[in-house]
Amino acid sequence: MTQPADELPVRARLVVYGRVQGVGFRAFAARMASDLRLVGGVRNLTDGRVELDVEGERSVIEAFERQLRIGPPAARVTKIEAEWGAATGRYSEFEIWY
């Protein structure tokens, strides 16, 4: 039996703008991703943005993105850019990258 298209794993590269460094954003994202059984990772970029590489069901990643817009209490997300593609299958868990 094949999976419906909306349940097939996909990959999203998310770039988050705003006050998202030094406020617990990566830990927030990692905890939420693990709770949602998403895999991939999150890292700070040198220009103050945060980048996430996430794999899982599209609907789950979309729900994850909505929660990222809220963020932890000290964060202020102003924009999230998303690039969608095929899942690579290279991740087995969600990690914070340094």
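The values are calculated or read from the model by the stated rules, or taken from the named source; none is laboratory data. These numbers come from a predicted model, not from an experiment. Here the Cβ positions follow ideal geometry from the backbone for every residue, glycine too, while neighbour counts run over all protein chains shown.
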Counting only residues in region 58-86 that are crowded, with 19+ Cβ neighbours inside 10 Å and not β-branched (Val, Ile, Thr), the one farthest from VAL10 (Cα to Cα) is identified as ALA75
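Residues checked against (1) over 15 Å from GLN67 (Cα atoms); (2) buried (at least 17 other Cβ atoms within 10 Å of the Cβ); (3) of a type outside the set (D, E, K, R):
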| residue | (1), (2), (3) |
| --- | --- |
| VAL10 | yes, yes, yes |
| VAL15 | no, no, yes |
| VAL20 | no, yes, yes |
| ALA27 | no, no, yes |
| ALA33 | no, yes, yes |
| LEU38 | no, yes, yes |
| GLY41 | yes, yes, yes |
| GLY48 | yes, no, yes |
| VAL54 | no, yes, yes |
Output for Cβ contacts, cut-off 7 Å, separation at least six or different chains, first residue within 21 Å of VAL60 (Cβ to Cβ) and at pLDDT 95 or above in region 12-39, second polar (S, T, N, Q) and assigned to a helix (DSSP H, G or I), reads MET32/GLN67
Within region 44-82, the residues that are part of a strand (DSSP E or B), under 11 Å from the mean Cα position of the chain (by Cα) and more than 17 Å from ARG19 (Cβ to Cβ) are ASP53, VAL54, GLU55, GLY56, ALA82
